[in-house]
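Novice: First the structure, which I've put down as structure tokens, then a few questions once you've had a look.
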Amino acid sequence: RSKLEGRGKYTVFVGSMMEDAKRKMQIAGAIEDAIRNNHFKVYYQPKVNADGHTMGYEALIRWIDEDLGFVSPAEFIPIAEQSGKISAITSWVMTRVFTELPDFVKENPNIKVSMNLSAIDIKNKSLFTEIQTKMSQYQVAAENIEFEVTESAYLENFEQANQVFSNLQKMGCTIALDDFGTGYSSLAYLTQISLDTLKIDKQFVDNLGHSDSSTLITSAIIDMANRLELQICAEGVETREQADFLISQGCQQLQGYFFGRPAPLEDVLSKYN
Ligand code: C2E
Ligand code: MG
Ligand code: MG
Ligand code: MG
């Protein structure tokens, strides 16, 4: 009996692994097609300061495939990374953001629009040149652009990342460390890297008021960022209580469904005041 049961489970397991591999291959193939046919979109999610004014937007890629339906970037970005397609996506997003930037700047000359870079982008030796070239091509002011990179992507490529990001900072761009607090335990590196903003991960914000340790760590991260003269942005803010607490602790930027969901350019601009 146990043998049969075991075999049954094995079949189910292998079956689901094959389904998984099949979906990954399907997605990798469809990404190529989506780039060629402009099937991606960029949505923008507001970031507000402590008095509720929108000071920036994060560009987040969206994709609805004809066969696969809505595919989350949390699913397809890692597949794009593994299948050598992330550089093309990054270029596509950058072009789109740079094209749409004048509409944001018209409403607020000091606006910051951020885009996400992956670990593979940082390894790409021509990243800085590409950014520089595109910025002059689209006449983008570097001061309006921020790049977000996760803590782990930065640290895995430390030398290269430091070089690219210090060059970008010299041009006038700012750099934000995404999902901060989830990756590494050592904080010593924080004083050695090219960085403007820490984005405290949503998991800490989620647990505010529910877990004493998350509340404590959140306060400590905000305090530390302020002492290091870094900006601090909280991601995934969903309630007034979370926002009030974060602001009371000295958090300068807030982002989350409470303030606005990611939306197409037309929708965020009409909401802007
Ligand atoms: P991320 O950069 O940490 O972006 C934050 C994610 O949290 C976004 O998910 C956003 O829609 C979501 N979010 C924001 N506020 C809330 C909230 O209040 N509640 C909840 N439940 N979620 C919230 P999204 O757009 O699905 O993106 C997931 C991840 O995919 C991003 O995490 C980023 O790592 C990656 N990604 C998205 N767009 C791009 C892109 O253009 N390039 C690259 N390389 N990665 C991207
Ligand atoms: Mg991000
Ligand atoms: Mg994030
Ligand atoms: Mg995150």
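Novice: At most 16 other Cβ atoms within 10 Å plus a DSSP loop assignment makes a site exposed; report the longest stretch of the chain without any exposed GluC sites (Glu not before Pro). Mind showing how you got there, number by number?
Specialist: Numbers: sites that count: E66, E229, E238.
Excluding the exposed sites themselves, the longest stretch runs over 67-228.
Novice: I would also like to ask the following. Considering amide H positions built from the backbone, and no H for Pro or chain starts, which residues 5 or more places from S114, or on another chain, come under 5 Å of its amide H?
Specialist: Close amide H contacts, sequence-distant or interchain: Y57, E58, A59, E146.
Novice: Turning to a different aspect of this structure: How large is ³J(HN,Hα) for each residue in region 154-166, as worked out from phi by the Karplus curve 6.51 cos²θ - 1.76 cosθ + 1.60 (θ = phi - 60°), to whole Hz, x for Gly and Pro?
Specialist: In residue order, the calculated couplings are 5, 6, 5, 10, 3, 4, 4, 4, 4, 5, 4, 6, 6 Hz.
Novice: How long is the gain from Q160 to D267 if the chain were fully straight, where each residue apart is worth 0.36 nm and the alpha carbon distance is subtracted?
Specialist: Full extension of this stretch gives 34.8 nm more.
Novice: What's the magnitude of the charge dipole for the chain around its Cα centre, counting Lys and Arg as +1 and Asp and Glu as -1 at the beta-carbon? Answer in Debye, nearest 20.
Specialist: That gives the chain a dipole magnitude of about 720 debye.
Novice: Where Lys and Arg each count +1 and Asp and Glu each count -1, what net charge lies around S91 among other residues with Cβ under 9 Å from its Cβ?
Specialist: Values: positive: K134; negative: E130.
Here the count lands on 0.
Novice: From the Cα gyration tensor of region 209-255, with a ≥ b ≥ c the square roots of its eigenvalues, which class applies: rounded if a/c is under 1.5, or else prolate if a/b is larger than b/c, or else oblate?
Specialist: oblate
Novice: For region 119-133, in order, what is each residue's ³J(HN,Hα) by Karplus, 6.51 cos²θ - 1.76 cosθ + 1.60 with θ = phi - 60°, in whole Hz (x at glycine and Pro)?
Specialist: 4, 5, 4, 5, 5, 6, 4, 9, 4, 4, 4, 5, 4, 4, 4
Novice: How much length is gained on full extension from S16 to M171, taking 0.36 nm per residue of separation minus their Cα-Cα distance? Provide the component values of the computation, followed by the final result.
Specialist: Values: separation 155, 0.36 × 155 = 55.80 nm, distance 4.82 nm.
Result: 51.0 nm gained on full extension.
Novice: I need the phi-derived Karplus couplings for region 256-264: 6.51 cos²θ - 1.76 cosθ + 1.60, θ = phi - 60°, integer Hz, Gly and Pro marked x.
Specialist: Running phi through 6.51 cos²θ - 1.76 cosθ + 1.60 with θ = phi - 60° gives x, 4, 4, 9, x, 7, x, 8, x Hz.
Taken together, the values in this text are just the output of simple stated rules run on the coordinates, not laboratory data. Since the structure is predicted, the reported quantities are computational estimates derived from the model, not experimental observations. Note that we place each Cβ from the backbone using ideal geometry, even for glycine, and neighbour counts take in every protein chain shown.
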